[in-house]
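Working notes, beginning with the structure itself.
The values are calculated or read from the model by the stated rules, or taken from the named source; none is laboratory data. These figures come from a predicted structure and were not determined experimentally. FYI the Cβ positions are ideal-geometry reconstructions off the backbone, even for glycines, and counts take in every protein chain you see. When the accessible area is computed, the model is the full protein with side chains, heavy atoms only, and any ligands, DNA or RNA have been set aside. Shrake-Rupley method; radii C 1.70, N 1.55, O 1.52, S 1.80 Å.
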Amino acid sequence: MASTIRIRAVSSGDTTEVQALVQHPMDSGFVKDAQGNLIPPHYIQVVEFEHAGKAVFTAYWGPAVSKDPYIKFSFKGAQKGDDLTVSWVDNKGATDSLVGKIQ
Amino acid sequence: MDNNNSSRETSERSGPTRRVIVQGAIAGSLAGLGLAGVAPLSRARAAADASKWPKDAFAQKTEADAIKALYAGKMPEASDKVNLDAPEIAENGAVVPISVSTTLPDVTSIAILVSENPFPLAANYPIQPGTSPMVANRLKMAKTSKVIALVASGDKVFSASKEVKVTVGGCGG
Amino acid sequence: MRRAVSLALALFCLAAPPASAADTVNPKADFKAFRDYFTKRFPNVPLNDFVNGPYSMDAELRKQWVEIDAFPPYQFALDKGKQMFDTPFPNGKTYGDCFPNKGIGIRQNYPFFDAKSGEVITLDVALNQCRQANGEEPFDYTKDDMAALTAYMAYTSRGKLFDIKIPNDRRALAAYQKGEEYFYTRRGQLNFSCASCHVQSPGDHIRTEVLAPALGIVAALPIYRSEWGGMGTTSRRLITCNSQVRGVPLKPEDELYRDVEYYLSYMSNGLPISGPGARP
């Protein structure tokens, strides 16, 4: 199965800019389906980015983050070719992770 | 397994330039070996930890209560060193690009609140040492609302806010 | 009917050449009048930017799009489309085997007039013909599988210029003319034509939306719409257009819809493919 995570990490100088997109419905719990029933909340709560075994960025998300969520941040201390690990967990306990290479 | 090629570039394309997508090393190698169901050590260790999610702050229904839950009662001060970039009018409340950056020192977290949402706290980002105090994301907005950026710097909390008009709400069918 | 159409355009565009003989279909003259109308009405919009729809009309909207398009929500559809495109059917053949140049970089040549069937063939129809020729069930023209495939094929064609041919064939000209008429005919409880919004009023707001110009409007298809929270094909877009004026939509890829796409694509000749697009 294809990963739910897409990541672009680009290093320039000592800073690495990271952008990630995750495929997830991010249901808020306030939207009704075609039959008029509320779709229960289903959203990613935590996204973790790790470089060299260390957390470099954490996102705590609520149901107000958009469907197929996007995040961008920058950190220092990584080189081109290094691995960057991304993982997420949602409110139903589902998870996914991916190791990307810094370009 | 092959998303690299799909980011093929055409020099004449009219949109912004596209960068090459980073390959999914673990997903690729595992699926190739038919081991997708077996979590290797690195995968398990990398798993995001839901127990650290600030449940209480996300459950608050007003801006004031969310801020109280986030900062243990510390009151934010407005600061022009907190830059909140959000549109005047959201093209669609379902996807509102919002970014926050700051020139303040010793930043330990950045949070974004949408006052009029049912749960105002939208996102909270702990900032590690070595990570730039900058974050961009896309949020849902139920209706026109004040958006607040909160930055914890040293032992204080600073804020900036902006009214974002929403004509198509991002929370309804 | 056609005279009314030409007149309507001429009214918007003082410099448009007078309508030619009433019963002559003249796509070349229509093309010039159409292009002149948009370029004169929006002198500050670079020609190639019309393909970006509402974002060519509104700076505030454009800024949000640039941010969203930096890592666009159609990325997943694109990846899926590429995977589908590259995966052989059980008989070992692929989608690429059904198309010129293995299906890469050819979006700009669709739709085309097929002399054998006497009908306009869109890319979506050609894809389903390919599936059926290889023993597969056709995809729903409005759903995600078709959107993913066409998204990928559009992506490999980005920057290529629309090159729609109208052969000197009575049936091709008739299809073009029917498409043009459908586009300019008022319908639905609101009594709007497609042109009411996309020729008369591009850049204006209808309720909350900034209306896209008809020039180049097909270049961005298929599109991810935030309003849909997902992808939409050309059929989905046309059906939405009909529903929004409270009219009765046609069947997906109905002959008339294909004719409309033929007309609009011909009007966009020379403009670059920008699909898949992201829209509010």
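Residue check: is C:G247 more than 26 Å from C:Y55 (Cα to Cα) and in a loop (DSSP other than H, G, I, E, B)? Yes, satisfied. C:K93 meets the stated requirement of being charged (D, E, K, R), modelled with pLDDT of 95 or more, open to solvent by 60 Å² or more (accessible area, probe 1.4 Å) and out of contact with any helix residue (DSSP H, G or I) (no Cβ under 8 Å at 6 or more places or on another chain). Beta carbons closer than 9 Å, at least 6 apart along the sequence or on distinct chains, pair a first residue in the range C:204-215 that is within 13 Å of chain B (Cβ to nearest Cβ) and within 17 Å of C:N48 (Cα to Cα) with a second that is among the basic types (K, R) and open to solvent by less than 30 Å² (accessible area, probe 1.4 Å) for C:A212/C:R279. Pairing each residue of the range B:114-132 that is under 17 Å from A:Q45 (Cα atoms) and assigned to a loop (DSSP other than H, G, I, E, B) with any residue that is open to solvent by 10 Å² or more (accessible area, probe 1.4 Å) and of a type in the set (D, E), provided the two are 6+ apart or on different chains, yields C-beta distances under 8 Å for B:P120/B:E63. Among residues of the range A:18-38 being within 9 Å of chain B (Cβ to nearest Cβ) and open to solvent by 50 Å² or more (accessible area, probe 1.4 Å), the one that is nearest to B:R138 (Cα to Cα) is A:F30. Would you tally the residues in the range C:224-239 being among the hydrophobic types (A, V, I, L, M, F, W, C) and either facing another protein chain (nearest Cβ under 9 Å) or under 16 Å from C:D145 (Cβ atoms) (or both)? Residues flagged as among the hydrophobic types (A, V, I, L, M, F, W, C) and either facing another protein chain (nearest Cβ under 9 Å) or under 16 Å from C:D145 (Cβ atoms) (or both) within the range C:224-239 amount to 2.
Name the residue that is farthest from A:S28 (Cα to Cα), counting only residues in the range A:49-69 that are open to solvent by less than 10 Å² (accessible area, probe 1.4 Å) and in contact with a helix residue (DSSP H, G or I) (Cβ under 9 Å, 6 or more places away or on another chain). Going through the qualifying residues, I end up with A:T58.
Check the range C:139-157 and report whether any residue there is small (G, A, S), open to solvent by 20 Å² or more (accessible area, probe 1.4 Å) and at negative phi. Within the range C:139-157 (the criterion being small (G, A, S), open to solvent by 20 Å² or more (accessible area, probe 1.4 Å) and at negative phi), the answer is no, since none of the residues qualifies. Taking B:V82 as the residue in question, decide whether it is among the β-branched types (V, I, T), within 14 Å of chain C (Cβ to nearest Cβ) and buried (at least 21 other Cβ atoms within 10 Å of the Cβ). Here the answer is no, as B:V82 does not meet what is asked. Entry remark, the range C:97-126: residues being open to solvent by less than 60 Å² (accessible area, probe 1.4 Å) and of a type in the set (S, T, Y) number 2 in total.
So for the range B:91-99 (the condition being open to solvent by less than 20 Å² (accessible area, probe 1.4 Å) and among the acidic types (D, E)), does at least one residue qualify? Within the range B:91-99 (the criterion being open to solvent by less than 20 Å² (accessible area, probe 1.4 Å) and among the acidic types (D, E)), the answer is yes, since at least one residue qualifies. If C:K143 passes every condition in (1) among the charged types (D, E, K, R); (2) farther than 30 Å from B:S99 by Cβ; (3) over 19 Å from the mean Cα position of the chain (by Cα) but one, which one does it miss? The one condition C:K143 does not meet is (3). Filtering A:Q35, A:Q19, A:Q45, A:Q23 for residues that are over 28 Å from B:V107 (Cα atoms) and under 13 Å from the mean Cα position of the chain (by Cα) leaves a single hit, A:Q23. Restricting the range A:76-91 to residues that are more than 16 Å from the chain's Cα centre (by Cα) and more than 7 Å from chain B (Cβ to nearest Cβ), which is surrounded by the most Cβ atoms within 10 Å (Cβ to Cβ)? In this case the residue turns out to be A:A78. Applying the criterion of being open to solvent by 20 Å² or more (accessible area, probe 1.4 Å) and touching a residue at least 60 places away in the same chain (Cβ under 8 Å) to the residues of the range A:92-103, the residue that is nearest to the chain's Cα centre (by Cα) is A:D96.
Scanning the range A:92-103 for residues that are more than 7 Å from chain B (Cβ to nearest Cβ) and of a type outside the set (K, R) yields A:G93, A:A94, A:D96, A:I102.
Would you confirm whether or not the range B:38-49 contains a residue that is assigned to a helix (DSSP H, G or I), open to solvent by less than 50 Å² (accessible area, probe 1.4 Å), under 30 Å from B:P120 (Cα atoms) and at pLDDT below 95? Checked against the condition, which is being assigned to a helix (DSSP H, G or I), open to solvent by less than 50 Å² (accessible area, probe 1.4 Å), under 30 Å from B:P120 (Cα atoms) and at pLDDT below 95, the range B:38-49 yields at least one hit. Checked against the criterion of being within 14 Å of chain C (Cβ to nearest Cβ) and under 23 Å from C:A59 (Cβ atoms), the range B:129-136 contains one or more residues that satisfy it.
Examine the range C:64-76 for a residue that is among the β-branched types (V, I, T) and in a loop (DSSP other than H, G, I, E, B), and state whether such a residue exists. The answer is no, given that none of the residues of the range C:64-76 is among the β-branched types (V, I, T) and in a loop (DSSP other than H, G, I, E, B). Look at the range B:85-126 and say how many of its residues are more than 8 Å from every other protein chain (Cβ to nearest Cβ), of a type outside the set (G, A, S), within 20 Å of A:E17 (Cβ to Cβ) and under 14 Å from the mean Cα position of the chain (by Cα). Result for the range B:85-126: 5. The condition (being more than 30 Å from A:A20 (Cβ to Cβ) and more than 22 Å from the chain's Cα centre (by Cα)) is satisfied by just one residue among C:K165, C:K93: C:K93.
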